[in-house]
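Peer 1: Here it is, the structure in full.
The values are calculated or read from the model by the stated rules, or taken from the named source; none is laboratory data. As the structure is a computational prediction, the values presented were derived from the model and not from experiment. FYI the Cβ positions are ideal-geometry reconstructions off the backbone, even for glycines, and counts take in every protein chain you see.
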Amino acid sequence: MNPDDVAYRKSVRNMGAILATMVVVVFAALFVPYYLFQQHSVYQSSVTLDSPYGFAMHLTVNTSSVPSRGSVQITGWVNSTSSSIENITAANNWPVPQGRLWGKPCYAEWPIGIGVMQGRYTQDNYTLGTLVQLPQSVYHCPAQFSPPGSFAFEPYSSKALVVQNGGPVFWVFQTTVSFSRDTSNYQLPPGVYTAVLADEWGDVLTANFIEP
């Protein structure tokens, strides 16, 4: 075969390989964006999960896309699903680092907490994410009571009777976190975020919002 023909064919093969690579790269960039950071147009603002421990978890986010100078408010609570008083023993089976969750200030061992992860996660893959470490307010709390050993939920209620230092008190299991995108002490970079509600029994509930 003529050497010029050989060189020509080799050049054509090389160019074909280069073009194929370019097509794959462009396709990946346009049609296969990293799943965790996809910006879906619609997210559920309210989600619920039934726990095997006799209550339902609820998580709401006030907006699916934070306005330019607005704020996002995340609320989580648990509600008994039993028609009778349900006594649930305290546990320490947090599915995510408890220290990065917002609980309720000045309450020893508050059993639920809210956190935020950068990226789009669900109950199925939340272990791949990391809770964002956002600064929390400093509270001057009175002397801490001993953590309760159990929670006696009223029927179909978020209210539970706990015993601390020998005395009965009622707790309402709801936590709300609100922060503005223009708050001076921290900024969330643009992207998709996951609001996380977790409890000390190992349950996790997630919802998503966008920081444009």
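Peer 1: Could you tell me whether any residue of segment 103-113 is assigned to a strand (DSSP E or B) and either within 30 Å of Glu154 (Cβ to Cβ) or in contact with a helix residue (DSSP H, G or I) (Cβ under 6 Å, 6 or more places away or on another chain) (or both)?
Peer 2: yes
Matching residues to (1) outside the structural domain of Leu197 (by TED's automatic domain parsing); (2) under 22 Å from the mean Cα position of the chain (by Cα); (3) farther than 23 Å from Ser46 by Cβ:
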residue	(1), (2), (3)
Thr75	no, yes, no
Thr81	no, no, no
Asn87	no, no, yes
Asn92	no, yes, yes
Leu128	no, yes, yes
Ala160	no, no, no
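Peer 1: Return the only residue of Gln73, Gln44 being part of a strand (DSSP E or B), modelled with pLDDT under 90 and surrounded by fewer than 18 Cβ atoms within 10 Å (Cβ to Cβ).
Peer 2: Only one candidate qualifies: Gln73.
Peer 1: Right, something else. So the check is Cβ under 8 Å with 6+ separation or different chains; which pairs have a first residue in segment 197-209 that's at positive phi and in the same structural domain as Arg100 (by TED's automatic domain parsing) and a second one that's assigned to a strand (DSSP E or B) and not basic (Lys, Arg)?
Peer 2: Matching pairs, first to second residue: none at all.
Peer 1: Let me ask you something else. In segment 114-126, what count of residues is obtained for those that are of a type in the set (Phe, Trp, Tyr) and either part of a loop (DSSP other than H, G, I, E, B) or surrounded by fewer than 19 Cβ atoms within 10 Å (Cβ to Cβ) (or both)?
Peer 2: 1
Peer 1: List the number of the failed condition for Val163; all other conditions in (1) touching a Phe, Trp or Tyr at 6+ places or on another chain (Cβ under 7 Å); (2) at pLDDT below 90; (3) hydrophobic (A, V, I, L, M, F, W, C); (4) assigned to a strand (DSSP E or B) hold.
Peer 2: Against the list (1) touching a Phe, Trp or Tyr at 6+ places or on another chain (Cβ under 7 Å); (2) at pLDDT below 90; (3) hydrophobic (A, V, I, L, M, F, W, C); (4) assigned to a strand (DSSP E or B), Val163 comes up short only on (1).
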